[in-house]
1. Out of the residues in the stretch 91-123 that are of a type in the set (V, I, T) and surrounded by 14 or more Cβ atoms within 10 Å (Cβ to Cβ), state the one that is farthest from L53 (Cα to Cα).
2. Regarding E61, is this residue assigned by TED's automatic domain parsing to the domain that holds V96 and within 20 Å of the chain's Cα centre (by Cα)?
3. Considering only the stretch 25-57, state which residues are of a type in the set (V, I, T) and farther than 16 Å from C116 by Cα.
4. Looking only at the stretch 124-137, filter to residues that are outside any loop (DSSP other than H, G, I, E, B) and not polar (S, T, N, Q); which one of those is surrounded by the most Cβ atoms within 10 Å (Cβ to Cβ)?
5. Need pairs with beta-carbon distance below 7 Å; first residue assigned by TED's automatic domain parsing to the domain that holds F66 and within the stretch 94-109, second of a type in the set (K, R) and surrounded by 12 or more Cβ atoms within 10 Å (Cβ to Cβ); sequence gap 6+ or separate chains.
6. Looking at E77, is it in contact (Cβ under 8 Å) with a residue 12 or more places away in the chain, loosely packed, with under 13 Cβ neighbours inside 10 Å and of a type in the set (D, E, K, R)?
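The values are calculated or read from the model by the stated rules, or taken from the named source; none is laboratory data. Because the structure is predicted, anything quoted here is derived from the model rather than measured. All Cβ positions, glycine included, derive from the backbone under ideal geometry; neighbour counts span all protein chains shown.
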Amino acid sequence: MMVLVGFSMTQTLLGVLSVSLGLLVLIIAYRKLLAYLGKGSIIKEDYCVLYPLESDPISNEAEFYFTTEKERNIIFELLNADMTSNQVLTEKEYAVGGHIVRFDTNLLPNGLYFYCLRTENQKTMKKMNVRNKNVVD
């Protein structure tokens, strides 16, 4: 029988199997730990994603884009620089998927504004600078 540095083939095989079993137990324990730590984390399907505008500053027409993973009632509004409501752009039930809300910025004086998306469990907003060429500051 072949001897490898003082160990028999049986001892070597048992050593390899025990190391493999140990690694398997560590991997299972690691996955259980990740699952335990992940409990109570945010469920992404419960929230909409509001994307920033493609250009800053914006002029003429703004296209606000958001996505939703559930059908839900969404209120989309513009806020002034002091965070007071300027105008509700839409308030309706939206289907699953991506949506664009268009707004003519020529209806606003130049300046800083925020656009806000609200649902039953979320309120998210982003900043926009309006700089229309035909409006004097």
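1. Of everything passing the filter in the stretch 91-123, T119 is farthest from L53 (Cα to Cα).
2. Details: assigned by TED's automatic domain parsing to the domain that holds V96: yes; within 20 Å of the chain's Cα centre (by Cα): no.
Against the criterion (assigned by TED's automatic domain parsing to the domain that holds V96 and within 20 Å of the chain's Cα centre (by Cα)), E61 does not qualify.
3. Residues satisfying the conditions are V25, I27, I28, I42, I43.
4. The qualifying residue surrounded by the most Cβ atoms within 10 Å (Cβ to Cβ) is M128.
5. Note: pairs meeting the criteria are Y94/R72; V96/K70.
6. In short, no.
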